[in-house]
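Below: the structure, in structure tokens.
The values are calculated or read from the model by the stated rules, or taken from the named source; none is laboratory data. All of these numbers come straight from a predicted model, not from anything done at the bench. Using ideal geometry, Cβ is built from the backbone for each residue, glycine included, and neighbour counts are taken over all protein chains shown. Heavy atoms of the whole protein, side chains included, go into the accessibility calculation; ligands, DNA and RNA do not. Shrake-Rupley method; radii C 1.70, N 1.55, O 1.52, S 1.80 Å.
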Amino acid sequence: MPVFFTHLHNGHGYQIDVDGADFPTLDAVQAHVVRAGADILAEEIKEGCRRVQLTFHIEDEQHNWLMEVPMSASVEIEI
């Protein structure tokens, strides 16, 4: 099974995935980062952040860039 690396860039810096993980396809790793990103966005919003942005950078096992998955969430409060 292929190994993919899912590095994360967010408001706290760049987190490098040094181990990678096995996924059967690029679609599978993309679905994984979307779920993980949704969890991260929800936690940040729950902790009081009003705007959250993050981007996953996906690489193959030879560290070739394959895609970016940008995500964001915001809370607008109107009075």
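Considering only GLU68, GLU47, GLU59, the mean-square fluctuation computed in a Gaussian network model of the chain, springs between alpha carbons under 10 angstrom, is largest for GLU47.
Of the trypsin sites (Lys or Arg not before Pro) found in the chain, the ones in coil according to DSSP and having at most 15 other Cβ atoms within 10 Å of their Cβ are ARG50.
Give the carbon-plus-sulfur fraction of the accessible surface of the chain in %, rounded to a whole number; probe 1.4 Å, heavy atoms of protein chains only. Ligands and nucleic acids excluded, carbon and sulfur reach 52 percent.
Would you mind calculating the relative contact order of the chain from Cα pairs under 8 angstrom and at least 6 residues apart, reporting the percent as a whole number? Walk me through the numbers on the way to the answer.
Numbers: 126 pairs, mean separation 26.3, N = 79.
Worked out over the chain, it gives 33 percent.
Whole number please: convex hull volume per residue of the Cα set in the stretch 1-45, in Å³?
64 Å³
Rounded to the nearest 20 debye, the dipole magnitude of the chain is 260 debye, with +1 charges on Lys and Arg beta carbons, -1 on Asp and Glu beta carbons, and the Cα centre as origin.
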